[in-house]
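One structure is given here, and the rest of the page talks about it.
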Amino acid sequence: MAKYVQYQAESGAQAVQIFDSWATELSPVDFEEFSLPYLKQIVDTVKQTHPNLPLILYASGSGGLLERLALTGVDVVSLDWTVDMAEGRRRLGQNIAVQGNVDPGVLFGSKEFITDRINDTVRKAGRGKHILNLGHGIVVGTPEENVAHFFEVAKGLRY
């Protein structure tokens, strides 16, 4: 995995997100034994050759593991929509960036509702070290005009 991330960086990637799809199938103690050391190994190996490449870690449903995800050494922890952004920020602290975490289902709402949820997420994330994003991928059937609205609102934000 580390070699693949290094290859991405050498091919022009400006940031890389690592997905640990099975992390939340583990108890916290099992995560520490069976996942955390390997994630650290990936991060450490990549940082040796590409110290300025931002590494993002995403594990869906990871509310019970947030502090442990930060122990991997990544630059950004991506939060899914099941974690309140203010709580995630409090638990992770100000020294690590957060990504997320608007509920993808919000994009089925009105433009006003979408805007309100974006602003709520940004407010709770605090100033700086936040990448606005959905808390997971776009759901099939999501109105494209609402996705466009999400991006327009996001582009208009000023920190």
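Values quoted throughout were computed directly from the atomic coordinates according to the rules given, and no laboratory measurement underlies them. In this text the structure is predicted, and so the values were computed from the model without any measurement. With ideal geometry, Cβ positions are generated from the backbone for all residues, glycine too; neighbour counts draw on all protein chains shown.
The three principal axes of the Cα atoms in region 94-158 give end-to-end lengths of 37, 21, 15 Å, sorted in falling order. Annotation: average projected area of region 1-56 is 3.7 square nanometres, based on the convex hull of Cα atoms across all directions. For the chain, the tally of Lys pairs with Cα-Cα distances below 17 Å comes to 4, considering only residues 8 or more apart or on different chains.
Only helices reaching 30 angstrom along their own axis (Cα) with mean Kyte-Doolittle hydropathy no lower than 0.5 count here, and not one DSSP H run of the chain does. When the alpha carbon coordinates of region 1-141 are projected onto the principal axes, the ranges are 45, 36, 32 Å, largest first.
Looking at region 116-159, the trypsin sites (Lys or Arg not before Pro) that sit in a DSSP loop and have at most 11 other Cβ atoms within 10 Å of their own Cβ are R127, R158.
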